[in-house]
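For reference, the structure is listed below as structure tokens.
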Amino acid sequence: MSSIAMGRPTKPLGNDRLLFGIIMGVIAFWLFAQTTLNVAPDMQRDLGLDASMMNIAVAITALFSGIFIVVLGGLADRIGRVKVMQAGFFLNMLGSLLIATAPSGDLATVFLLTGRALQGLSAACIMPASLALVKTYWDGAARQRAVSLWSIGSWGGSGVCSLFGGMMAQNFGWRYIFFASIVVSLIGLAMIKGTPESKAETKADYKFDLAGLLTFMVAMVALQIVVTQGNKMGWTSPLIMGLSAVAVIFGTVFFRIESASTHGFVDFKLFKNSTFTGATLSNFLLNGVAGTLLVSLQLVQLGGSMTAQQAGALTLGYAVAIIAFIRVGEKLLQRFGSRKPMIWGCLITGLAIVLLLPSNLMLNDYKVMAMIAYTLFGVGLAFYATPSTDAALSSLPANQAGSGAGIYKMASSLGAAFGVAISAAIFTALSANPESVSWVAGVITFVGRQDNLAVREAAMIALMFNVFMVLVAIMSIMLTVPKAGAHSGKSRTLPASSIAPQ
């Protein structure tokens, strides 16, 4: 079929087959790849990995998604969004196959890390390309419906992943999660087959930012290894010190390259806009509290002897709330502007984490607190999502909206990657060194079993770190987002690129 060279057909071509094919690609990441937040203990035990290596495996998917999402989004505009989305499906199938067939023992690390990295690349292909296709092939009310379903696939998938992963791991084994991901990708490929290609208008002077991409990737990977392996190898070990230096040097080189380039994939000039900076920073931090899920779910499994299925069941309220309230955030934006709903969302999310803090309780009491907390967690993120995205993008000129959206989405993925990695590192390090957190029991009385004190104390400290991130997010909003935006109190139709922040 002929290509849509300018990114918009003469007549909208969107249909439900294409839409649900796109959603298959979205949930391949948010539903299937993210199940590791809950099933990581089972995977670690079966594959014979240590906790620090498993932490890398959990975080590396979001890391690679964040590193490449802007570049691959731009590539999709040039060579074709359908092509890049199809490539994303194939990358997910290959990555899922490697994970599902990973042998226990020496090769487990290679299979698992490679598979998880490929899943991240898959997400970096699918997320921007799929949104661009929605914007191209749907108009008016049909586009709003398509974006809403895309958002439900994204946010809903992230809400259900812990429950789904636990059920699959308990009844079939965790490997079948990734076999199912392959089946979903095959269905998605079949459903988008035959879609006319869509490309954006190309610029004659376009140059691929290879130097920027490579320096950014080296800096981010080095930093990720330092965060996840520093405690195991020793913070002053030659390797960790060397990798820290690599992260700083390559990060500095990346900043200089991008600041001097007219073709850089990160336009640092956008950060001169304080509203965009504050919204993006708060987005990075609030996505970072995904570490809350990993820590709290591992707490009840490692400290409370619950199965992955039992732990995942506690998150049912999160799944329901985030799907039910995602459109409420849009209504709050239209009524109050961006600032208030963003702060309310952060406060509710922070309250949810505070409710997960008391690991000193008996398990049955903690489970009740956790069910309430996960529900509030979903409500808070739902309130925050759309107002935050709109604050970031509506503050920019139209000719910078594309670059701004790419950086905003990159902040989402990198926030999740580093938030999970840091939370996991704190939890793993402290639970493995009971002496380092023994003071907590001297301040707070831990009732019930005493043989799991280190795990309970470590979880409390790691969750406090997530509360701190929420507080910083609130500060960034209060300092940068105007009290009353130009659209405050007015009903408006949001652009397709700004409704789905994940």
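The values are calculated or read from the model by the stated rules, or taken from the named source; none is laboratory data. For clarity, every value in this text was computed on a predicted model and none was experimentally measured. Every residue, glycine among them, receives a Cβ derived from its backbone with ideal geometry; neighbour counts consider all protein chains shown.
Looking only at residues in the stretch 81-93 that are touching a Leu at 6+ places or on another chain (Cβ under 6 Å) and under 18 Å from Gln34 (Cβ atoms), which one is surrounded by the most Cβ atoms within 10 Å (Cβ to Cβ)?
Phe89
Do you know which of the residues in the stretch 303-357 that are of a type in the set (S, T, N, Q) and assigned to a helix (DSSP H, G or I) is surrounded by the fewest Cβ atoms within 10 Å (Cβ to Cβ)?
Taking the stretch 303-357 as the starting set, the residues that turn out to be of a type in the set (S, T, N, Q) are 305, 307, 309-310, 315, 334, 338, 349.
This time we only want the ones that are assigned to a helix (DSSP H, G or I), so: 309-310, 334, 349.
Details: Gln309: 18, Gln310: 15, Gln334: 20, Thr349: 29.
Restricting to residues being of a type in the set (S, T, N, Q) and assigned to a helix (DSSP H, G or I), the top hit is Gln310.
Being in contact with a helix residue (DSSP H, G or I) (Cβ under 6 Å, 6 or more places away or on another chain) and farther than 22 Å from Trp30 by Cβ is the requirement here; does Phe111 meet it? Reasoning before the result, please.
Numbers: in contact with a helix residue (DSSP H, G or I) (Cβ under 6 Å, 6 or more places away or on another chain): yes; farther than 22 Å from Trp30 by Cβ: yes.
Yes, satisfied.
Would you point out the residue of the stretch 252-283, among those that are small (Gly, Ala, Ser) and more than 22 Å from the chain's Cα centre (by Cα), that is surrounded by the most Cβ atoms within 10 Å (Cβ to Cβ)? Before the answer, list the steps.
Within the stretch 252-283, the subset small (Gly, Ala, Ser) is 259-261, 264, 274, 278-279, 282.
From the residues that got through so far, the ones that are more than 22 Å from the chain's Cα centre (by Cα) too are 259-261, 264, 274.
On the way: Ser259: 12, Ala260: 8, Ser261: 16, Gly264: 22, Ser274: 14.
Among those residues, the one meeting the criterion is Gly264.
When you look at Pro495, is it crowded, with 18+ Cβ neighbours inside 10 Å and modelled with pLDDT under 80, yes or no?
Numbers: crowded, with 18+ Cβ neighbours inside 10 Å: no; modelled with pLDDT under 80: yes.
So Pro495 does not fit the description; no.
Is it fair to say Phe265 is modelled with pLDDT under 90 and within 22 Å of Thr61 (Cβ to Cβ)?
On the way: modelled with pLDDT under 90: yes; within 22 Å of Thr61 (Cβ to Cβ): yes.
It is true that Phe265 is modelled with pLDDT under 90 and within 22 Å of Thr61 (Cβ to Cβ).
If you check Leu361, Leu294, Leu286, which single one turns out to be surrounded by fewer than 24 Cβ atoms within 10 Å (Cβ to Cβ), touching a residue at least 12 places away in the same chain (Cβ under 8 Å) and out of contact with any Asp or Glu (no Cβ under 6 Å at 6 or more places or on another chain)? Steps first, please.
Working: Leu294 fails: surrounded by fewer than 24 Cβ atoms within 10 Å (Cβ to Cβ); Leu286 fails: surrounded by fewer than 24 Cβ atoms within 10 Å (Cβ to Cβ).
Testing whether each residue is surrounded by fewer than 24 Cβ atoms within 10 Å (Cβ to Cβ), touching a residue at least 12 places away in the same chain (Cβ under 8 Å) and out of contact with any Asp or Glu (no Cβ under 6 Å at 6 or more places or on another chain) leaves just Leu361.
When you go through (1) part of a loop (DSSP other than H, G, I, E, B); (2) in contact (Cβ under 8 Å) with a residue 24 or more places away in the chain; (3) within 30 Å of Ala432 (Cα to Cα) one by one for Ala247, which number turns out not to apply?
It fails just one condition, (1).
Could you list all residues from the stretch 134-184 that are buried (at least 24 other Cβ atoms within 10 Å of the Cβ) and not in a helix (DSSP H, G or I)?
Trp174
Quick check on my filter: what residues within the stretch 286-302 are assigned to a loop (DSSP other than H, G, I, E, B) and either under 22 Å from Trp150 (Cβ atoms) or not assigned by TED's automatic domain parsing to the domain that holds Thr480 (or both)? Break it down stepwise before answering.
Step one: list which residues in the stretch 286-302 are assigned to a loop (DSSP other than H, G, I, E, B), which gives 289-290.
The one that is assigned to a loop (DSSP other than H, G, I, E, B) and either under 22 Å from Trp150 (Cβ atoms) or not assigned by TED's automatic domain parsing to the domain that holds Thr480 (or both): Ala290.
Please find, among Leu113, Leu91, Leu131, Leu72, the residue that is without any contact (Cβ under 8 Å) to a residue 40 or more places away in the chain and either within 30 Å of Phe265 (Cα to Cα) or not in a helix (DSSP H, G or I) (or both). Explain how you work it out, then say what you get.
Details: Leu113 fails: without any contact (Cβ under 8 Å) to a residue 40 or more places away in the chain; Leu131 fails: without any contact (Cβ under 8 Å) to a residue 40 or more places away in the chain; Leu72 fails: without any contact (Cβ under 8 Å) to a residue 40 or more places away in the chain.
Selected residue: Leu91, the only one of Leu113, Leu91, Leu131, Leu72 that is without any contact (Cβ under 8 Å) to a residue 40 or more places away in the chain and either within 30 Å of Phe265 (Cα to Cα) or not in a helix (DSSP H, G or I) (or both).
How do the helices (runs of 4 or more DSSP H) wholly within the stretch 358-460 filter down when requiring 3 or more residues that are within 25 Å of the chain's Cα centre (by Cα): which remain?
Values: elements: 363-394, 401-432, 434-443.
Answer list for the stretch 358-460: 363-394, 401-432.
Filter the stretch 316-373 down to residues that are among the acidic types (Asp, Glu) and farther than 26 Å from Met478 by Cα, then give me how many there are.
Pass one, the stretch 316-373, residues among the acidic types (Asp, Glu): 330, 365.
Next, only the ones that are farther than 26 Å from Met478 by Cα stay: 365.
Matching residues across the stretch 316-373 total 1.
Determine whether Thr136 is outside the structural domain of Ser413 (by TED's automatic domain parsing) and touching a strand residue (DSSP E or B) at 6+ places or on another chain (Cβ under 7 Å).
Working: outside the structural domain of Ser413 (by TED's automatic domain parsing): yes; touching a strand residue (DSSP E or B) at 6+ places or on another chain (Cβ under 7 Å): yes.
It is true that Thr136 is outside the structural domain of Ser413 (by TED's automatic domain parsing) and touching a strand residue (DSSP E or B) at 6+ places or on another chain (Cβ under 7 Å).
List the pairs whose first member sits in the stretch 391-412 and is among the polar types (S, T, N, Q), whose second member is assigned to a helix (DSSP H, G or I) and at pLDDT 80 or above, and whose Cβ atoms are under 7 Å apart, counting only residues at least 6 apart or on separate chains?
Pairs that qualify, where the first residue is among the polar types (S, T, N, Q) and the partner is assigned to a helix (DSSP H, G or I) and at pLDDT 80 or above, are Ser395/Thr275; Ser395/Phe276; Gln400/Leu270; Ser403/Leu270; Ser412/Asn283; Ser412/Asn287.
Name the residues in the stretch 38-52 that are touching a residue at least 60 places away in the same chain (Cβ under 8 Å), under 24 Å from Ala222 (Cβ atoms) and part of a helix (DSSP H, G or I), would you?
Listed by number, the residues that qualify are Ala40, Ala51, Ser52.
Output yes when any residue across the stretch 201-210 is closer than 30 Å to Phe255 by Cα, touching a residue at least 24 places away in the same chain (Cβ under 8 Å), in a helix (DSSP H, G or I) and not polar (S, T, N, Q), and no when none is.
Scanning the stretch 201-210 turns up no residue that is closer than 30 Å to Phe255 by Cα, touching a residue at least 24 places away in the same chain (Cβ under 8 Å), in a helix (DSSP H, G or I) and not polar (S, T, N, Q).
Does the stretch 271-285 hold any residues that are assigned to a helix (DSSP H, G or I) and touching a Leu at 6+ places or on another chain (Cβ under 7 Å), and which are they?
Taking the stretch 271-285 first, the residues assigned to a helix (DSSP H, G or I) are 271-272, 274-285.
Selection gives Phe276, Gly278, Phe284.
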